[in-house]
Each structure stands twice: as C-alpha cells, then as structure tokens.
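Please read the structure below before turning to the comments.
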Amino acid sequence: MDIDTGAIREIFKADRFATKAGALVTAVSEDMVECAMDIDDSHMNAANGVQGGAIFTLADLAFAVHANLDLVCGADVGVTLAQSCAISFLRPPKGRRLIARSSCISKGRTMSVYRVRVEDELGNPVAEMQGNGFRTRKG
C-alpha cells in the first residue's frame, strides 16, 4: 500500500471536530497511525484535569484514520465507520501533549477491530480504546 502521509493529513483536516480540538495526524504506516494533541485550557474539565472527551476525540481520530487507510490510499472500498468504541481512562497525563497510536487487531471484509493507546509525551499511559469498525457499501 502506497501511503502519502501528507495527503492523509489533508483528507482528515475535514474532521472538523478533531481539528478544532487540536488533534493532528503525525505519522501513518500500514501497521500504525499516530495522532497528537497539545493540551491547553480548552481541554480542561471543572476539576482542572484533561476532559475525557478530548482524550476520546484523539483516540477516535487515530482509529478513523487507520480503519480507512485502504480507502484514502485509493482502494475501491466503502467508508469504515465506528460501530462501537470502549475506552478506559487509566490516569491523568503528566505532560502537556497527548499521543495516540493505533494497531489493528482484526480486519475483515466489513468488520474491523483496532486498539488505540493514548500516552502523554513522557510515555505515561493515559487511556486505552478499542474501536470496532463497520465498512459501509462503496458508492
């Protein structure tokens, strides 16, 4: 598979919610997608911790990019959408940047499962997400 990370970044800039939250695609390979987000005041909850929705948004972007790599690299397939996602928040980040890295657990013709690990830039685990995807009909 020919992966053009710059082109993939351009495509996923259209994910307006993730983009406005500050999530960026930082690295792409067939085996892993990495997305990152710098933490600022807009990501904080009332308890002055990083809001779970911000962490989930970053993990969801990594999942979406990875689950749709075939499509964005030119394969004649449908869009893969999240069917279900489960996230476990492990501990608050100690750093000021979150990094999400996806890996594929299983990928079939229509169903797929991805694991996304979210860490801070110091390597501390922040969350683990499992996303189940369903590939829609093409066209």
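We did not get these values from a lab; they are worked out from the coordinates using the rules stated. These figures come from a predicted structure and were not determined experimentally. A quick note on method: Cβ atoms are made from the backbone with ideal geometry, for glycine too, and the neighbour counts reach across all protein chains shown.
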Only Cα pairs under 8 Å and at least 6 apart count here; give the relative contact order of segment 75-116 as a rounded whole percent.
24 percent
Calculated SAXS-style log₁₀ I(q)/I(0) at q = 0.25, 0.30, 0.31, 0.32 Å⁻¹ - segment 13-62, Debye, Cα scatterers:
-0.92, -1.16, -1.21, -1.25
Kindly rank 91-98, 22-29, 72-79 from highest to lowest mean number of other beta carbons found within 10 Å of each residue.
22-29, 91-98, 72-79
Could you give the distance between the Cα centres of segment 66-113 and segment 1-38, to the whole Å?
11 Å
Length gained, Asp38-Gln130, 0.36 nm per residue minus C-alpha separation, equals 30.9 nm
May I ask you to order 40-51, 127-138 by the average number of other C-beta atoms within 10 Å around their residues, highest value first?
127-138, 40-51
Computed over the chain: longest principal axis from alpha-carbon atoms vs helix 52-67 long axis, angle to nearest 10 degrees, is 20 degrees
So for R0 = 25 Å, FRET eff. of Glu10-Leu90 from the Cβ-Cβ r, to 0.05, ends up at 0.20
